[in-house]
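Worksheet: the structure to be examined is printed underneath.
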Amino acid sequence: MRKQITIRFLHRTVLFLFSFVITLCALFVLGNVQNFLDSSQSMILRFLLGAGGLLCIFSIFAFLFELYYIFHLRTVRYLGHCIMSGIACIVGLGTAVLAAVILLLSSGVQLS
């Protein structure tokens with residue numbers, strides 16, 4: 001029973017962080033359209049970088065726990081959670097990398 005609580009906690013944390021990342025992405029896009037200040041946009045990007053990294057880390061742990069239970073209990077009960085964790089990991093990593101690149105380019109550092 002205790003191990004299922006761990007999976008439930010991780011899955012709910014992944015869902016929360018996924019929705020938080022999507023909200024921050026929407027806020028960044030709307031901020032570009034409505035001409036937010038540069039400091040506000042960079043703050044949104046820093047939050048997006050942190051939330052994307054946390055989403056990637058938590059979804060990797062959730063994915064591994066769910067794979068363990070799929071093979072250990074020989075059931076497909078956690079297959080949907082496992083797919084969602086995999087998608088969340090890709091989204092989290094992608095948004096973290098994109099936010100880091102945008103922050104790097106907006107700071108004025110030359111790449112060459």
> Hey, rough spin-label estimate for LEU67 and PHE16, points 7 angstrom out along Cα→Cβ, what's it come to in nanometres?
Replying inline: 2.6
> How long are the semi-axes of the ellipsoid equivalent to the range 1-64, from square roots of 5 times the Cα gyration tensor eigenvalues, in whole Å, largest first?
Replying inline: 31, 10, 7
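Suppose only helical runs count, i.e. DSSP H with n ≥ 4. What mean residue ellipticity at 222 nm does that imply for the chain under -39500 (n - 2.57) per run, divided by all residues and rounded to the nearest 500 deg cm²/dmol?
Details: 3 runs with 96 residues, N = 112.
Counting only the DSSP helices, I get -31000 deg cm²/dmol.
Rounded to the nearest 20 debye, what is the charge dipole size of the chain about its Cα centre when +1 sits on each Lys and Arg Cβ and -1 on each Asp and Glu Cβ? It would help to have the intermediate numbers written out before the result.
Details: 7 positive and 2 negative charges, 123 e Å.
Rounded to the nearest 20 debye, it is 600 debye.
What is the range 57-110's relative contact order, in percent, from Cα pairs under 8 angstrom and six or more apart in sequence? Kindly include the intermediate steps, with their values, before the conclusion.
Values: 27 pairs, mean separation 18.1, N = 54.
Result for the range 57-110 is 33 percent.
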>> At a threshold of 8 angstrom on Cα-Cα distance, excluding pairs fewer than six apart, so keeping six or more, what relative contact order does the range 6-95 reach in percent?
In response: 38
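When the accessible area of the chain is computed with all protein chains present and a 1.4 Å probe, what percentage of it is carbon and sulfur? Walk me through the numbers before you get to the answer.
Details: 5440 of 7470 Å².
Of all accessible area on the chain, carbon and sulfur atoms account for 73 percent.
If I take R0 = 41 Å and measure r between the Cβ atoms of ARG74 and LEU105 in this structure, what FRET efficiency does the formula 1/(1 + (r/R0)^6) give, to the nearest 0.05? Working shown, then result.
Details: r = 49 Å, r/R0 = 1.19.
Calculated value: 0.25.
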> Using the C-alpha atoms of the range 56-112, what convex hull volume per residue, in cubic angstrom, is computed?
Replying inline: 69
> Where does each of ILE22, ILE90 land when they are ordered by accessible area, with a 1.4 Å probe and the largest first?
Replying inline: ILE90, ILE22
> By how many degrees, between 0 and 90 and to the nearest 10, does the Cα long axis of helix 2-33 differ from the longest principal axis of the chain?
Replying inline: 20
> Which listed residue (THR6, HIS72, GLN34) has the Cα farthest towards the positive end of the charge dipole for the chain, taking +1 on Lys and Arg C-beta and -1 on Asp and Glu C-beta about the Cα centre?
Replying inline: HIS72
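Rounded, prolate or oblate: which one fits the chain, using the alpha carbon gyration tensor with axes a ≥ b ≥ c (rounded when a/c is under 1.5, else prolate when a/b beats b/c, else oblate)? Intermediate results must be reported in sequence, preceding the final value.
Working: a/c = 3.51, a/b = 2.50, b/c = 1.40.
In terms of gyration-tensor shape, prolate.
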>> So if I take the centroid of the Cα atoms in the range 58-112 and the same for the range 2-25, what is the distance between those two points in Å?
In response: 11
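The values are calculated or read from the model by the stated rules, or taken from the named source; none is laboratory data. Just so it is clear, the structure is predicted and the values come from calculations on it, not from any experiment. Using ideal geometry, Cβ is built from the backbone for each residue, glycine included, and neighbour counts are taken over all protein chains shown. Each accessible area value is taken on the protein alone, full model and side chains, heavy atoms only, with ligands, DNA and RNA left out. Shrake-Rupley method; radii C 1.70, N 1.55, O 1.52, S 1.80 Å.
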